[in-house]
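Read the structure below first, then the notes.
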Amino acid sequence: MFEDEAAGTALCFQLIGGTARTCDASPCDDPARWVQVTMLLRTAFIVVIAALVPTVCHAQRTRLDLNGTWEFRLDPRNEGEVQRWHATATPFDDSIEVPGAWQAQGFGTRSGSLRHDYAGTAWYRRTVALPAEWKQKVVRLRIGGAHRETTLFFNGARIGEHRGFSTPFWFDVTNHVRPDSDNVIAIRVSNPGSAPTESPREQEPSRLTGMLNYIGNWGGIYGSVELQATEPTWIEDVYIRSDVDSKITKFLITVRSQATQAYPAEIRVSVSPDSEGSAALRVQPGGDTEVELALSIPNARLWSPEHPHLYNATIALWHSDREYDRVEERFGVRQVTTRGNVLLLNGKPLYLRGYGDDNIEVLTGFPPASRETYLKRLRLARSFGFNAVRYHSMTPAEAFFHAADEAGMLVMAELPVAYTQYFLPHQDLLRGELERVLRTYRNRPSLLSIAFGNELNLSWLATEDERERLLETVADFYHLAKALHPDGLVLSNDGHVVRPTDMVSHFGEGLPDLPTVKHEFGGYYCSLPDISLIDELTGVLLPTWLEAKKQWVEENGLAAQYPLYVRHSQRLQHLGRKAQIERVRRRGDITGYHYWLIVDFPGGTGEGDSWEEGWFDYFWRPKGISPRDGQEINSPVLPLIDADVHDRTLWSDVTKNIAVSISNYGSDDLRDARLSWKLLANEQLIAHEENLRVSVPMGSVQGVSQITIGPVPGKEAQRLELVVTVNGKHTNRWAFWAFPRSALLRHPDTSVYSTVKWAGIARLYPFVRPEAPRGGADGLWITSVLDDAAVRFLRSGGRVWLLADRGQVQPRAEAGFFPEAGGAQGTMVHNHPALDGFPHDGFCDLQFYNLLDGGVPFPLDEWPKDFQPIVGGTRTTTGFLSKSKDLSRVGYIFEARIGEGRLMVTTLRLREHLDEAYPEAIYLFDRLLRYATGRDFAPPIGIGVDELNALTPP
C-alpha cells in the first residue's frame, strides 16, 4: 500500500490505461492533458477537490507499508547467513505478523513464567513489487524498532546491521532495488541472552538491559516497517526550537544529497494558519547541508498538559521552481527551564504529577505500535490527574510520543540501563542510543527529559576507578545531550544525585539548587494479587504467580471471601496514595513525583514475585477507583489539611481545629479565590462555610484558613466527611470519625477482673477488680498473658479477654497500618455484636489507624478453615524482592471456645491508646467489654491444643 507521507499535499495524476499513478516532481505543464483528465473524472462522477491547472506538482514521499505477514524461520544454530536464507527461493515454513514479538506469536518453548521463549536468531523475509517510478529515487527501509540486533539483506545483498533497540532506524537500499520488478527483503534479528531473574544487585550485565527487555527477552520487530522513496536530494532532519517570550520558532534543517554537483536551492517553511518563511542554501554533493530559518508565530498558543495545542509545519525543498521534497512536522510551542530548584514550563512553575511505567505488556511483551492504544491509555491517566510519565530504563515507542503530544502528557525517557552495573560495560552503545533518541524525539513537546539510566548508585561499583569512569562518562553524555538538544532537560540518572544534571529524581530531600522529583514515589504499597485475572492472561506470560495464590485461597477455604479481601486491599492502597501525595504536596522543596506504578507488575522476574502496586490492573483497568478519586489528589491546585492519617477521630462533644492550606501549581496565581467547606454525617450536611477569600501565588504552598468542626450532633458514633473546594472546581475530602463519650459501660452483667498493668482501665471502669479471679468460673478476666491459670479458668467455663502483648504471641512481628514495601493487606470487619455501634463499612479505614499500626497480625493459617475473625485480614508475609510472596490469614479481634470457656483475643494496640486523646480506642474497648460481659458472647468455633499453644507464652 502506497501512502503520501505529507498529508494534505496536492497530488498530480496521470490517467494511463484507466489507472491513476503519482507523477514525479516535474512541472505539469500540459493543460490539454489536464482537461482530458477532468472530463474523464466527471464522466465517472468523481468529484476532485483540487486545482485543475496547478502550476507545479508538489513533491511527495511515496512509501510502501510492509506491516503484516512475513515469512519466518528460527535460526538456533545461527547458520542462515552461511546457507544464504536471504537469497534462496525456498519458502520458510512459518509466518509471523509484523510488528510483534515472536514469543507473543507462539515461537519458543516455555521458560519460567514465559509461555513461549526463544533467544537467538530468526529471519523475516518478504517479496515486494516496486513501481517503475522508483527509478532514479533514493530508496530506504525504515524499521520502527527491533530487539536487539538487526541485519538487512536486500535482493541477496547484505546491506548493513544495526545495534540498539530504543528508536526507529534506516537502511539505504538505493543501489539494490529493482523498480518495476519483485524485490526480496530479508531481515535477520537476534536477541541473545535471557531476561534477568536474579535480584537487581546480583544481575550479570553481559547484555544491555532496560524495561523493554526486563520482564522477557522479547525478540523480533516491534515497530512498523516501510520502504520510502525520495528524490536524490531530500530533507534529512528538522529540529524545531521555540522561544515563548519572543514567539519565535527556529527551524534547523538538514538537507542530504546524493547528487554529483552542488546547486542552489531554497527551503520554504509554513506553519498553519499564516506563518511562513524561506531561506536560501547551496546543496552540497554527497553530503549534508544545514540551514536555519526563524518564523514569528503571532499570538502563538502554547503547549502544556492542560492545553496541548499542536501546530503543523510544512518544510519544502525547492530548486528551479521545482519542489524536490517536503515533510510535515507536528510541534508545540513550549519551553522548559529551571530557576534554582523550581521547574518551569512556559515560564510558570510546574509540578510533575507523574506515574511510573515499566513497559508491562502481559499479552504482547513488546509495547504496542498503535497511537490509538496509547491515546486511550494516556487519556485515562490524564482523567486521573496525571500530567507526566517516567519510563523506567527505556524510551517509549514512537507512537507513544505522538499520542503524548496530543493527550498532554510529559515524558521522562531513559536509556536502557536497568541498574548501575549495565552502564559502563555498554557505554559506547548507550552513547549511540542517546544520540538517536534525541535526534528522533527532540521535536516532541511531550519529551520533558532524558536520563542516562535508572539508579546509578556509585556504591554498587567495586573500585574507585569504576566510580571515576562512571562520573566521566556521565559528564560526556551530559554535554553530548545538551549539544543535541539544548532546550531539553538532562538527568544523569533517575534515583541518585550524580552531577552534572539539570534535575534530580531521588528518594531524599529536595536540593536547594536543582528541581527535585520524588523517585519511585509511594512506598511501593500493593494490593492483594487478583486471581480473577488468571483466565485473561493468555499472552506471553503464564500467570504462575497468580495460580500459586489461587491454590492458597482454595486450600484455606477463602474462595468466596477473597474477592472482597482484594477489594479492601485496593481501598487501603488508595488511602496510602492519598496520604503519600498530600504529605509531599505540603512541602516546598519538591517539584513533583512519579507514583510507582501505573499498572501492576507481574511475578517471575528479577523483581521477584508480583507487585500489585498499580493504580490500574495489568489491562489498564482502574482498581476500584474512579477518575474523581485520582483528580482529587492529583490536582494542580490541591486543598490540604494538617490532620494526617493518625488524627482523624474526635469526641462528639468537643471542637476540632483544622488548618487548611493550598498547593497551587495551576496556571495562575490564586487571587481572592473562593474557598468553601462542608461537613457531612451520613451524607447529611451538618456544618458548612462559603465564599472565604484566599490568595496563593503560583508555585507555592500556603496556609489559608482554619476550620473548626464539632460539636457533632447525635448520640451514636458516626463517620464524617470534610469536603474543601477552591473556586468551585478543585476539591479534596477527608474522613473523620466522631465518638460519643456519654455511653461508656457502667454496670456490667458479670464481674470483671484485670491483671493487666494498665491504669486506664481502673480510671475509666472503676468496677473492674485489679486481680485475678480467686475461684470458680464466674466473670470476665482481662489479661495480657494466657498463662496456666488463665487456661484453667477458661477450661472451667470462665470468660477471658486476652489483650495480647507483642511478646506473648507467636510470631512477634508487628504490622503497619499501611503495608511495607511490596506488601499488601486486605482487612475485613464483620458485622458482629462485639462491634455494635462502632462505625465501619467492612474494612479497617483510618478509624483503625492508631489501633492497627504497630499491632500484631496473629496468623490463623493453622486454625480451622471456617474460623472467621471479628476483625482480620489476608496479608503478604514475605519481604522485599522475595521470589515467592506468601499469603497469610490473620486476626486482630477473634473469639473461640476452649472447653466450656469463652476466649476473646485482641492484638490491636488498645492498651497503648486507652487515653482521652484516642476516642476510637476507648469506644472500641467499651464495645468489646460490653460484648465480653454480655449474653451474646458465644464463640461459634472451638479450638484445640495446637491453636491454644500459639496463644500461650513462648
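The values are calculated or read from the model by the stated rules, or taken from the named source; none is laboratory data. Here the structure is a predicted model, which means the values were calculated and not measured. Cβ placement follows ideal geometry from the backbone for every residue including glycine, while neighbour counts extend to all protein chains displayed.
What to note about this one:
- Any hit, segment 729-742, residues being more than 17 Å from residue 631 (Cα to Cα) and charged (D, E, K, R): yes
- Set 603, 576: member being assigned to a helix (DSSP H, G or I) and under 20 Å from residue 525 (Cβ atoms): 576
- Residue within segment 765-785 that is modelled with pLDDT of 90 or more and out of contact with any strand residue (DSSP E or B) (no Cβ under 9 Å at 6 or more places or on another chain) present: yes
- When the test is whether a residue is in a loop (DSSP other than H, G, I, E, B) and either touching a Pro at 6+ places or on another chain (Cβ under 8 Å) or not assigned by TED's automatic domain parsing to the domain that holds residue 366 (or both), residue 548 does not pass it.
- Helices (runs of 4 or more DSSP H) wholly inside segment 842-953 that include at least 2 residues being in contact (Cβ under 8 Å) with a residue 40 or more places away in the chain and among the acidic types (Asp, Glu): 919-933, 945-949
Yes/no per residue for (1) modelled with pLDDT of 95 or more; (2) surrounded by 15 or more Cβ atoms within 10 Å (Cβ to Cβ); (3) closer than 23 Å to residue 950 by Cα:
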{"residue": "866", "(1), (2), (3)": "no, no, yes"}
{"residue": "872", "(1), (2), (3)": "yes, yes, yes"}
{"residue": "885", "(1), (2), (3)": "no, yes, no"}
{"residue": "896", "(1), (2), (3)": "yes, yes, yes"}
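- Residue in segment 228-244 that is over 29 Å from residue 169 (Cβ atoms) and outside any loop (DSSP other than H, G, I, E, B) present: yes
- Selection status of residue 169, crowded, with 19+ Cβ neighbours inside 10 Å, touching a helix residue (DSSP H, G or I) at 6+ places or on another chain (Cβ under 9 Å) and without any contact (Cβ under 8 Å) to a residue 40 or more places away in the chain: no
- Extreme residue, surrounded by the most Cβ atoms within 10 Å (Cβ to Cβ), among residues of segment 409-430 that are of a type in the set (Ser, Thr, Tyr) and assigned to a helix (DSSP H, G or I): 422
- Filter result for residue 642 (under 26 Å from residue 728 (Cβ atoms) and surrounded by fewer than 20 Cβ atoms within 10 Å (Cβ to Cβ)): yes
Each row is one residue, and each column tells you yes or no for (1) surrounded by fewer than 19 Cβ atoms within 10 Å (Cβ to Cβ); (2) touching a residue at least 24 places away in the same chain (Cβ under 8 Å); (3) over 22 Å from residue 362 (Cβ atoms).
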residue: 561; (1), (2), (3): yes, yes, yes
residue: 564; (1), (2), (3): yes, yes, yes
residue: 570; (1), (2), (3): no, yes, no
residue: 581; (1), (2), (3): no, yes, yes
residue: 590; (1), (2), (3): no, yes, yes
residue: 593; (1), (2), (3): no, yes, yes
residue: 597; (1), (2), (3): no, yes, no
residue: 602; (1), (2), (3): no, yes, no
residue: 609; (1), (2), (3): no, yes, no
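- Failed item, numbered, when residue 743 is tested on (1) more than 41 Å from the chain's Cα centre (by Cα); (2) part of a strand (DSSP E or B): (2)
The rows are residues; the columns are (1) of a type in the set (Gly, Ala, Ser); (2) crowded, with 21+ Cβ neighbours inside 10 Å.
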| site | (1), (2) |
| --- | --- |
| 432 | yes, no |
| 438 | no, yes |
| 441 | no, yes |
| 450 | no, yes |
| 453 | yes, yes |
| 457 | no, no |
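- Residue check, residue 438 within 18 Å of residue 211 (Cα to Cα), part of a helix (DSSP H, G or I) and out of contact with any Asp or Glu (no Cβ under 8 Å at 6 or more places or on another chain): no
- Residue match in segment 367-389 (condition: over 26 Å from residue 586 (Cβ atoms), touching a residue at least 40 places away in the same chain (Cβ under 8 Å) and buried (at least 24 other Cβ atoms within 10 Å of the Cβ)): yes
- Scanning segment 826-859 for residues that are among the hydrophobic types (A, V, I, L, M, F, W, C), modelled with pLDDT of 95 or more and out of contact with any helix residue (DSSP H, G or I) (no Cβ under 8 Å at 6 or more places or on another chain) gives a single hit, 852.
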